[in-house]
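The values are calculated or read from the model by the stated rules, or taken from the named source; none is laboratory data. As the structure is a computational prediction, the values presented were derived from the model and not from experiment. Glycine also receives a Cβ, built like all others from the backbone with ideal geometry; neighbour counts cover every protein chain displayed. To get the accessible areas, we keep the full protein, side chains included, count just its heavy atoms, and leave off ligands, DNA and RNA. Shrake-Rupley method; radii C 1.70, N 1.55, O 1.52, S 1.80 Å.
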Amino acid sequence: MKSSFQLFSRRVRSDWHFQYRALRMAVDWIIAIYFVIPLMIVAGYQYVSWWGTQPSWFSWIPLGLVTAVFYVFTWLGTIRYFVEEGDQLFLRQNQEWFQHLMHLGYRYSLVLQGVTTLLLVLVFLPLLIQADSFNLTQVICLWLLTYLLKINLGLLRQLLSLRIHGIVQWLVRIVLFAGLYFLYYVLVTELTAQIWYSWAANLVLLVLFIFLSKIRLQEKGAFLTDIARERDARFRIVSLMLIRVIERKRKSTRKYPLFFGRSQRLFKGRGASNGIADLLTKSFFRNGTQWKQSIQFVVVISGVMFVLPGPLKITIWIISASLLVFWRKSFCKGELTTPFLTLFTLPDTAKHQALQTAIPVLVLPALILISLFTGISFFTWWGPILMVGAAFPLAYGTSSVFTSWY
């Protein structure tokens, strides 16, 4: 490397390439074509339509809820310095290069935090302007307030982790989280009445940012902590995909399973496909993790239905059914590769038929609940009956479409 800037550029490119490959593992071309791209088109169309006509449900979203979303966002992410383990052997001997690398990573993180904050403001911009009567000056002030608070919190959390450890650190962070929320809430709600309060807070945050930056960049003994933080930031996407394979302490198992304890047959008929379908169905309903994640999915989707307009509810209802099918299909294909089943020579046709038989049954419980709450969200007596009745053909239809290939 001829300069520290080239070293920094190479590490940034390597990080972006790594994140891209991690996303490719989670989102293949089929999911991109059938879900991601259509969802982006629908979201873009809805966003543009909000500027033309204000949806009635805008009035249901209070400014306090928007403030809470923005505040939680300020606690996400971190400030990176792009240091690595190998720097301890060679790069740290050249203090000029090492300090320049840290400063470049620091500036890169500040720019990235500013861009992500701007994107968040743009997402909520129609709501802020049309429902909350924000003008351009107030929107700029809100973006600057959120951005300065975000980078100050990032620096402050790093300094706290270097000086305080254990339960004391968590208690301080809890107090800091609660106290700053009320201050941020007051400043945001006062934007439409006394905007100069928020501009004064921006000035204070700017001075605090300069002060914390000098302390953090001159901090001694933070090298190993920076390496651990950089590793966590680099593997943030991979860790989400591997969360289910983290080794945990084994829990005591029941003598008899809670569901299908007598091992009764679930599907009529003989043959390998029906036997495999039985095994897949029982394996799913006996899996506590699948139950927990399914309940979380149902709660989130059902809650969203109450804030969406009518036509968009049907779109999300169909998308949620398709997501459930892909989810169950992924689980079943994983179960088919277990060591027990690999002991048997099972043709792909039998496995395919088993998927087509089992997946609608696995999809129906969650989809019926989502359909019930979707019907209730229409606030009519016929809504729940109609939506629950339509859940059955939707479950079998989407399962038939997305299991047409193995």
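Leu76 passes every criterion in (1) open to solvent by less than 60 Å² (accessible area, probe 1.4 Å); (2) closer than 30 Å to Leu160 by Cα; (3) modelled with pLDDT of 85 or more; (4) under 22 Å from the mean Cα position of the chain (by Cα) apart from (1). Would you be able to say whether some residue in region 355-375 is free of Cβ contacts under 8 Å to residues at least 24 places away in the same chain, in contact with a Gly (Cβ under 8 Å, 6 or more places away or on another chain) and more than 30 Å from Ala272 (Cβ to Cβ)? Yes, region 355-375 has at least one match.
Every listed requirement among (1) farther than 15 Å from Leu280 by Cα; (2) touching a Leu at 6+ places or on another chain (Cβ under 8 Å); (3) touching a residue at least 60 places away in the same chain (Cβ under 8 Å); (4) crowded, with 17+ Cβ neighbours inside 10 Å is met by Lys329 save one, (1).
Exactly one residue out of Leu120, Leu39, Leu65 is part of a helix (DSSP H, G or I), at pLDDT below 85 and closer than 26 Å to Ile174 by Cα, and it is Leu65.
In the set (1) surrounded by 14 or more Cβ atoms within 10 Å (Cβ to Cβ); (2) at pLDDT below 90, Ile368 fails one condition alone, (2).
Whether any residue in region 387-396 is assigned to a helix (DSSP H, G or I), open to solvent by 60 Å² or more (accessible area, probe 1.4 Å) and out of contact with any helix residue (DSSP H, G or I) (no Cβ under 9 Å at 6 or more places or on another chain) is what I want to check. There is at least one residue in region 387-396 that is assigned to a helix (DSSP H, G or I), open to solvent by 60 Å² or more (accessible area, probe 1.4 Å) and out of contact with any helix residue (DSSP H, G or I) (no Cβ under 9 Å at 6 or more places or on another chain).
Could we say that Arg231 is more than 30 Å from Phe134 (Cα to Cα) and open to solvent by less than 80 Å² (accessible area, probe 1.4 Å) here? Before the answer, list the steps.
On the way: more than 30 Å from Phe134 (Cα to Cα): yes; open to solvent by less than 80 Å² (accessible area, probe 1.4 Å): no.
Against the criterion (more than 30 Å from Phe134 (Cα to Cα) and open to solvent by less than 80 Å² (accessible area, probe 1.4 Å)), Arg231 does not qualify.
Condition check: of a type outside the set (Gly, Ala, Ser) and without any contact (Cβ under 8 Å) to a residue 40 or more places away in the chain. Does Ile319 satisfy that? For Ile319, the condition - of a type outside the set (Gly, Ala, Ser) and without any contact (Cβ under 8 Å) to a residue 40 or more places away in the chain - is not met. Look at (1) under 23 Å from Ser109 (Cα atoms); (2) surrounded by 12 or more Cβ atoms within 10 Å (Cβ to Cβ); (3) in contact with a helix residue (DSSP H, G or I) (Cβ under 8 Å, 6 or more places away or on another chain) and you find that Gly221 fails only one, number (2).
With the structure loaded, tell me whether Phe373 is open to solvent by 40 Å² or more (accessible area, probe 1.4 Å) and outside any helix (DSSP H, G or I) or whether it fails that test.
Numbers: open to solvent by 40 Å² or more (accessible area, probe 1.4 Å): yes; outside any helix (DSSP H, G or I): no.
Taking the combined requirement at face value, the residue does not satisfy it.
Within region 190-218, the residues that satisfy the criterion of being assigned to a helix (DSSP H, G or I), open to solvent by less than 40 Å² (accessible area, probe 1.4 Å) and within 12 Å of Leu142 (Cα to Cα) are Ser198, Ala201, Asn202.
If you check Tyr197 against the conditions, is it over 15 Å from Thr74 (Cβ atoms), in the same structural domain as Arg229 (by the TED database) and of a type in the set (Ser, Thr, Tyr)? The answer is yes for Tyr197. Cβ-Cβ distances below 6 Å connect the following pairs, each with a first residue in region 227-244 that is within 20 Å of Phe98 (Cα to Cα), a second residue that is open to solvent by 90 Å² or more (accessible area, probe 1.4 Å) and modelled with pLDDT of 75 or more, and a separation of six or more residues or different chains: Ile227/Glu85. Pairing each residue of region 382-395 that is under 13 Å from Trp317 (Cα atoms) with any residue that is among the polar types (S, T, N, Q), provided the two are 6+ apart or on different chains, yields C-beta distances under 7 Å for Met387/Ser371; Met387/Thr374; Val388/Ser371; Ala390/Ser371; Ala391/Ser371. Within the set Gln264, Gln290, the sole residue that is modelled with pLDDT of 70 or more and not β-branched (Val, Ile, Thr) turns out to be Gln290. Of all residues in region 279-303, those satisfying the criterion of being surrounded by 17 or more Cβ atoms within 10 Å (Cβ to Cβ) and under 30 Å from Trp50 (Cα atoms) are Phe297, Val298, Ile301, Ser302. Is it fair to say Pro360 is open to solvent by less than 40 Å² (accessible area, probe 1.4 Å), within 22 Å of Lys282 (Cβ to Cβ) and modelled with pLDDT of 80 or more? Taking the combined requirement at face value, the residue satisfies it.
I'd like to know if region 339-349 contains one or more residues that are outside any helix (DSSP H, G or I), over 30 Å from Pro309 (Cα atoms), among the aliphatic types (A, V, I, L, M) and open to solvent by 80 Å² or more (accessible area, probe 1.4 Å). Full working, then the answer.
Of the residues in region 339-349, the ones outside any helix (DSSP H, G or I) are 343-347.
Next cut, over 30 Å from Pro309 (Cα atoms) only: 343-347.
Filter once more, keeping what is among the aliphatic types (A, V, I, L, M): 343, 346.
Still in the running and open to solvent by 80 Å² or more (accessible area, probe 1.4 Å): 343.
Yes, region 339-349 contains at least one residue that is outside any helix (DSSP H, G or I), over 30 Å from Pro309 (Cα atoms), among the aliphatic types (A, V, I, L, M) and open to solvent by 80 Å² or more (accessible area, probe 1.4 Å).
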